[in-house]
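Reading through the structure tokens given below for one structure.
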Protein chains: 2
Amino acid sequence: MPIICSGWALSAVMLADGSRQILSFLLPGDVVSPCLMFEPKPTCFVEAITTVTYRAFDRAGLWQLVAANPSAMEAMARVWTQQRRRAEELIVDLGRRSAAERIARLILGLVERLQERGLTSGPLEIDFPLRQHHIADATGLTPVHVSKLLSEFRRRELIRLSERSLAILDPAAFRAAANMR
Amino acid sequence: MPIICSGWALSAVMLADGSRQILSFLLPGDVVSPCLMFEPKPTCFVEAITTVTYRAFDRAGLWQLVAANPSAMEAMARVWTQQRRRAEELIVDLGRRSAAERIARLILGLVERLQERGLTSGPLEIDFPLRQHHIADATGLTPVHVSKLLSEFRRRELIRLSERSLAILDPAAFRAAANMR
DNA sequence: CGATTGTTTGATGAAAGTCAAGTACCGTGG
DNA sequence: CCACGGTACTTGACTTTCATCAAACAATCG
């Protein structure tokens, strides 16, 4: 059970034709794969996006800790439910939202998670190591289409995105774009 | 923590514009909402499709059982991982597969789950209470498009679907249609 | 029987994918 | 220092997939 200490990673599944779907981005503080607590064989793979440092904990030891310590169990439960909730949101996004909404929501979700952990580089600004093909694989789109929609966001001055840095320039309008339905 | 005894139900999220996304179909033997084990407040809602009977277990009692009994813990872990795996598959389907593939995979998944539980009405035949709008809400499509693709499957004699009963006529070809990429 | 809900079908439109060409940005080696 | 290659990004033309709209039909139920 590794936990990310620094850097970004992703977990994804690969399909037969070479396309892939990213299940989640892993930020500092995230448990790489909470399902590993139960199931040793992973169903997806994990890949570093930036240089990543992590610490690994062993399952048996964690189980002992959890059995002995109710607050550890609660912490574990929080991780589980949070992960579950994020998976459900992704299902809704992929099933029922437009390309622009999916991209905007992905960005907002990442910014919020970094804010919670105090990893921002400004009020609404973060280091943003994702390539457009990462965004495409996470939102179920093509890199070309992602490029067009990001250009559109820039043209409307909702975000600034350059040199691996992202800022939300117009939070209200950008949130609106993320919630159009 | 209710468990379905008979009938079909669904869990879903509703969006602001009235469209909805079905997260999973609940068949006899399914735990309605494993996340309820941790989190009392549900993030989605549950709805009956047919007449449903269920038994409810209370969280506190289950926790005691799990703490005392390692095999109960293992059973719980199985439910959790299975649910997680199904969520991941749905993400991949919605993100990276065509409409026809999504529908075929949904049907195959349901048939397999009923087979595991011995709830089939024939070798490759099941009672099928879903309306086309259920299929649409589960696959992120419109009912109209679902109708067209089901007609296509029928025309190619891959399935028979009438009077709330479904049979897979050509398993090999139907599986191929579910796995085109 | 009428009313409601579900399904089919066709015509049309919008969203996203594909293809292709061109640009910018490195890192490498001469 | 600059040429070279590779990767990422941009942009436009065109195609495909799926949504929308509308009309007709079928089934179900009070």
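The values are calculated or read from the model by the stated rules, or taken from the named source; none is laboratory data. Since the model is a prediction, treat every value here as computed from it, not as a measurement. Every residue, glycine among them, receives a Cβ derived from its backbone with ideal geometry; neighbour counts consider all protein chains shown.
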Taking the stated definitions as given, is A:Arg96 within 14 Å of DNA strand D (Cβ to nearest atom) and modelled with pLDDT under 95?
no
For the stretch A:80-101, give me the residue count where each residue is buried (at least 19 other Cβ atoms within 10 Å of the Cβ), more than 26 Å from B:Pro143 (Cα to Cα) and either of a type in the set (Lys, Arg) or more than 9 Å from chain B (Cβ to nearest Cβ) (or both).
1
Scanning the stretch A:4-26 residue by residue, those among the aromatic types (Phe, Trp, Tyr) and within 14 Å of another protein chain (Cβ to nearest Cβ) turn out to be A:Phe25
Which residues, taken from the stretch A:27-46, are among the aromatic types (Phe, Trp, Tyr) and either more than 8 Å from chain B (Cβ to nearest Cβ) or in contact with a Gly (Cβ under 6 Å, 6 or more places away or on another chain) (or both)?
A:Phe45
In the stretch B:121-131, residue farthest from the other protein chains (Cβ to nearest Cβ) [restricted to those that are away from DNA strand D (no atom under 16 Å from the Cβ) and surrounded by 15 or more Cβ atoms within 10 Å (Cβ to Cβ)]:
B:Glu125
Return the total of residues in the stretch A:162-181 being at pLDDT below 95 and aliphatic (A, V, I, L, M).
1
Scan the stretch A:119-158 residue by residue and report those that are in contact with a Leu (Cβ under 6 Å, 6 or more places away or on another chain) and either aromatic (Phe, Trp, Tyr) or part of a strand (DSSP E or B) (or both).
A:Ile126, A:Phe128
Single condition B:Ala104 does not satisfy, out of (1) more than 11 Å from every other protein chain (Cβ to nearest Cβ); (2) in contact with a Leu (Cβ under 7 Å, 6 or more places away or on another chain); (3) hydrophobic (A, V, I, L, M, F, W, C); (4) within 16 Å of DNA strand D (Cβ to nearest atom):
(2)
Give, as residue ranges, the helices (runs of 4 or more DSSP H) completely inside the stretch A:1-118 that count at least 2 residues that are within 25 Å of A:Ile159 (Cβ to Cβ).
A:70-96, A:99-116
Mind checking which residues of the stretch B:68-117 are touching a residue at least 40 places away in the same chain (Cβ under 8 Å), in contact with a Gly (Cβ under 9 Å, 6 or more places away or on another chain) and either more than 29 Å from A:Ser19 (Cβ to Cβ) or away from DNA strand C (no atom under 16 Å from the Cβ) (or both)?
B:Arg86, B:Leu90, B:Arg113, B:Arg117
For the stretch A:48-57, does any single residue satisfy the condition of being at the interface with chain B (Cβ under 9 Å from one of its Cβ atoms) and either within 19 Å of the chain's Cα centre (by Cα) or surrounded by 13 or more Cβ atoms within 10 Å (Cβ to Cβ) (or both)?
no
Looking at (1) more than 14 Å from chain A (Cβ to nearest Cβ); (2) within 11 Å of DNA strand D (Cβ to nearest atom); (3) buried (at least 18 other Cβ atoms within 10 Å of the Cβ), which one does B:Leu141 not meet, given that it meets all the others?
(1)
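Residue-wise test of (1) under 18 Å from B:Val146 (Cα atoms); (2) of a type outside the set (A, V, I, L, M, F, W, C).
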| position | (1), (2) |
| --- | --- |
| B:Ala60 | no, no |
| B:Thr81 | no, yes |
| B:Glu89 | no, yes |
| B:Arg102 | yes, yes |
| B:Arg113 | no, yes |
The stretch B:154-181, subset without any contact (Cβ under 8 Å) to a residue 24 or more places away in the chain and on the phi > 0 side of the Ramachandran plot, residue nearest to the other protein chains (Cβ to nearest Cβ):
B:Glu157
